[in-house]
Amino acid sequence: MSGLANAGIVETPVVVFDFDGTLVDTGPAILKCAARSLEVHGYDPSEMHDLNLIIGPPLVDGFRQVADISREEALPLVATYREIFAREVVPSDYPPFPGMPELLHALRAQGRRIAVATSRLESSVTKMLAATSLPTFDAIAGRLEPGRDTKADCIAAVLEELGCAGDQAVMVGDRKYDVEGAHALGLACIGICGDASGRTELEAAGADALAASVDELAALLGIEGVRPKA
């Protein structure tokens, strides 16, 4: 496992970002679509486990955790969720986090490459990124069904596309899956957390450093003075 020297500045030539909850705030849209999908299939969302469990892992695994159901039972929920998301979610429902566009542009200005590795379907994330104000990424890898299942698979696909070794890149993500996937491939991982529960999860997973804001993340990546545009 790679580590950050004293949790200090990381100046790796490649920075790999998770998508949901890291680059953009898709949380409300995901929760709305998940609740609707559960209702369509006769589940009461108020009786489920914490719906936030749906954010981060592949959808089928998220629904299994939320509803305590088998993979076979979860697949129809996933299909309905994707139909609702594609039909109803628009770019204004997933704004970039304040300061994130500026951070990405600053990394590019330093000559560093930026990439996305996500458990979201690759076709979905590519379409969504194109509708945001974020700069163009050097590589994007999401889930492929079949063929690319885990977060580690997605990170590995990015590294392969960029011709990059694990010790030349750092992962940035908001869930334990980002930390675990990064460490499986020898990358350090910076956890970005907006609340105490997120911090606890990332610490338990062994995140190499933590950032409570985009500004703190920028400092860890060696970027100073990142501020969102007014």
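The values are calculated or read from the model by the stated rules, or taken from the named source; none is laboratory data. These figures come from a predicted structure and were not determined experimentally. Note: ideal-geometry Cβ built from the backbone for every residue, glycine included; neighbour counts use all protein chains shown. Surface areas here come from the heavy atoms of the whole protein model, side chains and all, with no ligands, DNA or RNA. Shrake-Rupley method; radii C 1.70, N 1.55, O 1.52, S 1.80 Å.
Quick look at the numbers
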| item | result |
| --- | --- |
| For the chain: relative contact order, % (alpha-carbon pairs under 8 angstrom, 6 or more apart) | 26 |
| From phi via Karplus (6.51, -1.76, 1.60), per-residue ³J(HN,Hα) for the stretch 121-130 in Hz, x at Gly/Pro | 4, 4, 4, 6, 5, 4, 5, 5, 4, 5 |
| Under 5 Å, built H, 5+ apart or other chain: amide partners of residue 148 | none |
| Whole-Å distance, taken between Cα centres, linking the stretch 129-144 and the stretch 32-96 | 23 |
| For the stretch 24-35, Karplus couplings with θ = phi - 60° (6.51, -1.76, 1.60), whole Hz, Gly/Pro x | 10, 9, 8, x, x, 5, 4, 5, 4, 5, 5, 5 |
| GluC sites (Glu not before Pro), loop per DSSP, at most 14 other Cβ atoms within 10 Å - longest free stretch of the chain | 12-223 |
| Å² per residue, accessible surface of the chain at 1.4 Å | 45 |
| Relative contact order computed over the stretch 94-203 (Cα-Cα under 8 Å; 6+ residues apart), in percent | 19 |
| Cut-off under 5 Å, modelled amide H: who pairs with residue 188 long-range | 2, 171 |
| Whole-Hz ³J(HN,Hα) from phi, Karplus 6.51 cos²θ - 1.76 cosθ + 1.60, for the stretch 97-108, glycine and proline x | 5, x, x, 5, x, 5, 5, 5, 5, 5, 4, 4 |
| Structure-based [θ]222 nm, the chain - -39500 (n - 2.57) summed over DSSP H runs of at least 4, per residue, nearest 500 | -13000 deg cm²/dmol |
| Within the accessible area of the chain (1.4 Å probe), percent carbon and sulfur | 51 |
| Long-range HN-HN contacts of residue 174 with modeled amide H, under 5 Å | 192 |
